[in-house]
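For reference, the structure discussed in these notes is given below.
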Amino acid sequence: MTARSAAEKYGPVSIATVVGWIPLVAALWLFGKPWLVGEINVAMAAEIDNKIEKQVQPINGAFEVLVRRDIAALRKELADMRYRQRRGEDWTQKDAEDLVEIELELEAFQEALKKLSAK
């Protein structure tokens with residue numbers, strides 16, 4: 001059997017084989033496409049997260065500076081009010097309420113600073 005006769009003999013079989021593979025290729029595409037799209041989505045989501053993190057980082061730094069400044073101002077005000085309270089000079093119910101309010105605000109700012117620093 002020569003090479004030419006083998007090609008003539010098996011030529012139609014190879015076409016039949018190709019035609020037989022078409023449903024298999026379609027099935028692989030049907031089931032493989034969602035996996036492929038899922039992998040691409042995961043990769044794109046990771047890339048987008050990295051870009052967002054890089055863009056938000058300077059903003060977080062600015063907020064951190066502002067919160068630290070507010071904390072420092074509240075601590076000064078709190079120290080002033082506690083000094084006035086100890087000296088007893090013109091201490092009123094309103095001053096006591098303000099003192100509690102400042103303490104709560106200071107705690108809130110400190111918690112915000114922890115969350116900003118954690119990122």
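Take LEU30 and decide whether it is free of Cβ contacts under 8 Å to residues at least 40 places away in the same chain and touching a helix residue (DSSP H, G or I) at 6+ places or on another chain (Cβ under 8 Å).
Criteria not met by LEU30.
Can you work out which of the residues in the stretch 84-119 that are at pLDDT 90 or above and among the small types (Gly, Ala, Ser) is surrounded by the fewest Cβ atoms within 10 Å (Cβ to Cβ)?
Of everything passing the filter in the stretch 84-119, ALA108 is surrounded by the fewest Cβ atoms within 10 Å (Cβ to Cβ).
Pairs only if they're at least six apart or on different chains, beta carbon under 6 angstrom, first in the stretch 78-97 and without any contact (Cβ under 8 Å) to a residue 12 or more places away in the chain, second outside any helix (DSSP H, G or I) and surrounded by fewer than 10 Cβ atoms within 10 Å (Cβ to Cβ); list them, first residue then second.
none
Looking for something in contact (Cβ under 8 Å) with a residue 40 or more places away in the chain and either of a type in the set (Lys, Arg) or not in a helix (DSSP H, G or I) (or both) - is there at least one such residue anywhere in the stretch 62-71?
Yes - at least one qualifying residue is present in the stretch 62-71.
Within the stretch 84-97, is there a residue that is part of a helix (DSSP H, G or I), closer than 24 Å to ASN60 by Cα and not small (Gly, Ala, Ser)? Spell out the reasoning first.
Quick first cut of the stretch 84-97, residues part of a helix (DSSP H, G or I) only: 84-87, 93-97.
In the following step, the residues that additionally are closer than 24 Å to ASN60 by Cα were identified as none.
Checked the stretch 84-97: no residue is part of a helix (DSSP H, G or I), closer than 24 Å to ASN60 by Cα and not small (Gly, Ala, Ser).
The values are calculated or read from the model by the stated rules, or taken from the named source; none is laboratory data. Note that this is a predicted model, so its numbers are computed, not measured. As a convention, Cβ positions derive from the backbone with ideal geometry for all residues, glycine included, and neighbour counts pool all protein chains shown.
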